[in-house]
Amino acid sequence: MAADNRPLSPHLQIYRPQWTSFLSILHRGTGIVLSIGIIYIAWWLTAAATGGDYYKTFEWFAGSIIGNLFFMGFTFSLFYHLANGIRHLAWDTGRNLELEDAYKSGLMVVAAAIILTAIAWIMALVA
């Protein structure tokens, strides 16, 4: 058999990304962000238990722009992963498996994650 130089199908050069593939990749990405966020929370708890200079270092990072952006991303990831997990549970019951329903439920998941993130941050800033 002669060696082909053609890419295997479906390949990223051939395959056109769709809304559902973007949401699937986002689900995996938010899972990674949540894993990194657990390290952030462990750092916070360790610094709080240790006290003194350790907590001041954490407080400095958490109050920085990078710390706030990370925690905002963590909050969005938490709500997106939760909402998309509920969507997958609905799929396990055989509901919303049609392509149009999958697009609509995906849009609802993204909207829910954005709205819940905004509510959480507004409540945190008000308190």
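The values are calculated or read from the model by the stated rules, or taken from the named source; none is laboratory data. What you see is a predicted model, and the numbers here were worked out from it, not measured in a lab. Quick reminder, even Gly has a Cβ in these numbers, built from the backbone with ideal geometry, and neighbours come from all protein chains shown.
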Inset, instruction - Residues that are of a type in the set (Ser, Thr, Tyr) and loosely packed, with under 13 Cβ neighbours inside 10 Å: find the helices (runs of 4 or more DSSP H) completely inside region 12-127 holding 2 or more of those. - result: 19-50
Inset, instruction - Of the conditions (1) more than 11 Å from the chain's Cα centre (by Cα); (2) at pLDDT 95 or above, residue 54 clears all except one; give me its number. - result: (2)
Inset, instruction - Could you please find all residues in region 46-88 being farther than 30 Å from residue 23 by Cβ and of a type outside the set (A, V, I, L, M, F, W, C)? - result: 46, 50, 51, 52, 53, 54, 55, 56, 57, 59, 63, 64
Inset, instruction - Please specify each residue of region 24-47 satisfying the condition of being in contact with a Ser or Thr (Cβ under 8 Å, 6 or more places away or on another chain) and among the hydroxyl-bearing types (Ser, Thr, Tyr). - result: 30
Legend entry - Residue that is nearest to residue 22 (Cα to Cα) [pool: residues in region 91-127 that are touching a residue at least 12 places away in the same chain (Cβ under 8 Å) and of a type in the set (Phe, Trp, Tyr)]: 103
